[in-house]
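All remarks here apply to the structure that follows.
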């Protein structure tokens, strides 16, 4: 899609939701993970369409046939930030020439000890994440690109959700 098409689409969505703010409220579409075989899961949209398949490495008992859920989590963050940089750049007239977003976990993370239940004092999840942006544009100064990245880190749906504690409610149905 061209930057013009993206800009016009974003402006149209902003105009619509500005006039109809109640339409912007509501839960995201449900996503369901279905255990397939071993540690392999199929992740489905509400209509049953498969989004992605995950699996764990063979070393922990998986088949190694697909990315792990943790890898998909980091991929979601990286791709969300890249997507929203491109979207915002088109909106404000920045012509991006290079864009890469790399997500790294803390090299000292001991999360495996936490998620395997070896040490409950250690978090099962990432202890910290580092976002590395490699960005260039033909019509923006380094300062303007840094401002763009700063804007994205405050407005990225995945990144903003990850950067704050969000409550998780649990419902269990025994079948």
Is it fair to say residue 89 is touching a strand residue (DSSP E or B) at 6+ places or on another chain (Cβ under 7 Å), more than 24 Å from residue 52 (Cβ to Cβ), in a helix (DSSP H, G or I) and modelled with pLDDT of 95 or more? yes
In the set 66, 24, which member is over 21 Å from residue 130 (Cβ atoms) and either touching a helix residue (DSSP H, G or I) at 6+ places or on another chain (Cβ under 8 Å) or loosely packed, with under 14 Cβ neighbours inside 10 Å (or both)? 24
Assigned to a helix (DSSP H, G or I) and either touching a residue at least 12 places away in the same chain (Cβ under 8 Å) or more than 30 Å from residue 112 (Cα to Cα) (or both): which single residue out of 43, 10 fits that description? 10
If we take the stretch 107-175, then helices (runs of 4 or more DSSP H) inside it with 1 or more residues that are in contact with a helix residue (DSSP H, G or I) (Cβ under 7 Å, 6 or more places away or on another chain) are 142-155, 157-163
Being in a loop (DSSP other than H, G, I, E, B) and surrounded by fewer than 16 Cβ atoms within 10 Å (Cβ to Cβ) is the filter here; which residues of the stretch 46-63 pass it? 46, 47, 48, 49, 57, 61, 63
Would the stretch 129-152 turn up any residue that is surrounded by 14 or more Cβ atoms within 10 Å (Cβ to Cβ), within 24 Å of residue 27 (Cβ to Cβ) and touching a residue at least 40 places away in the same chain (Cβ under 8 Å)? yes
Of all residues in the stretch 159-175, how many are modelled with pLDDT of 90 or more and touching a strand residue (DSSP E or B) at 6+ places or on another chain (Cβ under 8 Å)? 1
When the residues of the stretch 27-45 are filtered to those that are over 23 Å from residue 88 (Cβ atoms) and modelled with pLDDT under 90, which remaining residue is surrounded by the fewest Cβ atoms within 10 Å (Cβ to Cβ)? 27
Every residue from the stretch 114-128 that is surrounded by 13 or more Cβ atoms within 10 Å (Cβ to Cβ), out of contact with any strand residue (DSSP E or B) (no Cβ under 6 Å at 6 or more places or on another chain) and closer than 30 Å to residue 98 by Cα: 127
What is the number of the single condition among (1) in contact (Cβ under 8 Å) with a residue 24 or more places away in the chain; (2) under 21 Å from the mean Cα position of the chain (by Cα) that residue 94 does not meet? (2)
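The values are calculated or read from the model by the stated rules, or taken from the named source; none is laboratory data. Keep in mind it's a predicted model, so treat the numbers as computed, not measured. Every residue, glycine among them, receives a Cβ derived from its backbone with ideal geometry; neighbour counts consider all protein chains shown.
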